[in-house]
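Undergrad: For reference, the structure I am asking about is given below.
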Amino acid sequence: MAIQASAIFLGASRADAPIVLAVHRVRDLTREAAERHPADFGVQYLFHVGGPGHRPGYDGVRTGSFRKAKGQKEVQSAVPDILETTLEEFLARSLEEGLRLAEQYFKRKYKGVSLEAARQATAEVVVQLRADPQPASGPAAGLANLIARLDGS
């Protein structure tokens, strides 16, 4: 499978919280894109979402383990409490950075392996996220809402 997405929710998270809904949307979009782009090697995007009193133990995007049975490199993204952009834009940038890191890994460890299907599937998801952003809401979107108001968008 070219790409997959999942999340680990740390602490109690409301099922209707904007970040939960946005991550589930990414999961659904990646599933659809992966069906259109079959591959032997790919990327597993994993989002670590903090909850009350619980935060990811790192910042940004990093690589995780290689899942040999699935041929997928895991890429982990820590979702910060306060976003500097919309949820969808944050997730799109995380996918792009994750793909870049996975490509570096495969280039170094598995020369000759193509991630073209993962690249195409990820690009489709990113385009969909950016084409149809959902309104930012909730405590994690405070800065994003402020920036949007200042930009007049």
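Undergrad: Identify the residue in the range 49-72 that is out of contact with any Leu (no Cβ under 8 Å at 6 or more places or on another chain) and in a strand (DSSP E or B) and, among all such residues, is surrounded by the most Cβ atoms within 10 Å (Cβ to Cβ).
TA: Of all residues in the range 49-72, those out of contact with any Leu (no Cβ under 8 Å at 6 or more places or on another chain) come to 52-53, 57-60, 65-72.
Checking the rest, the ones that are also in a strand (DSSP E or B) come to 65-67, 72.
Details: SER65: 10, PHE66: 17, ARG67: 13, GLN72: 24.
Across the range 49-72, the extreme among qualifying residues is GLN72.
Undergrad: Working carefully through the options GLU84, GLU88, find the one that is acidic (Asp, Glu) and either modelled with pLDDT under 90 or part of a loop (DSSP other than H, G, I, E, B) (or both).
TA: From the options GLU84, GLU88, the qualifying one is GLU84.
Undergrad: So in the range 97-116, with the set limited to residues that are among the hydroxyl-bearing types (Ser, Thr, Tyr) and not in a helix (DSSP H, G or I), which one is surrounded by the fewest Cβ atoms within 10 Å (Cβ to Cβ)?
TA: SER114
Undergrad: Continuing with this model, one more query. Condition test on VAL75, is it surrounded by fewer than 21 Cβ atoms within 10 Å (Cβ to Cβ), free of Cβ contacts under 8 Å to residues at least 60 places away in the same chain and not in a loop (DSSP other than H, G, I, E, B)?
TA: Details: surrounded by fewer than 21 Cβ atoms within 10 Å (Cβ to Cβ): no; free of Cβ contacts under 8 Å to residues at least 60 places away in the same chain: yes; not in a loop (DSSP other than H, G, I, E, B): yes.
Spelling it out, it is not the case that VAL75 is surrounded by fewer than 21 Cβ atoms within 10 Å (Cβ to Cβ), free of Cβ contacts under 8 Å to residues at least 60 places away in the same chain and not in a loop (DSSP other than H, G, I, E, B).
Undergrad: Can you run down the residue pairs with Cβ atoms below 8 Å, 6 or more apart or on separate chains, where the first is in the range 2-23 and assigned to a loop (DSSP other than H, G, I, E, B) and modelled with pLDDT of 90 or more and the partner is among the polar types (S, T, N, Q) and surrounded by fewer than 17 Cβ atoms within 10 Å (Cβ to Cβ)?
TA: ALA2/GLN120
Undergrad: How many residues are touching a strand residue (DSSP E or B) at 6+ places or on another chain (Cβ under 6 Å) and over 13 Å from LYS73 (Cβ atoms) when one looks only at the range 103-126?
TA: Summing the residues that are touching a strand residue (DSSP E or B) at 6+ places or on another chain (Cβ under 6 Å) and over 13 Å from LYS73 (Cβ atoms) in the range 103-126 gives 1.
The values are calculated or read from the model by the stated rules, or taken from the named source; none is laboratory data. What you are looking at is a predicted structure, and each value in this text was computed from that prediction instead of being measured. Methodologically, a virtual Cβ is constructed for each residue, glycine included, from the backbone with ideal geometry; neighbour enumeration extends over all protein chains shown.
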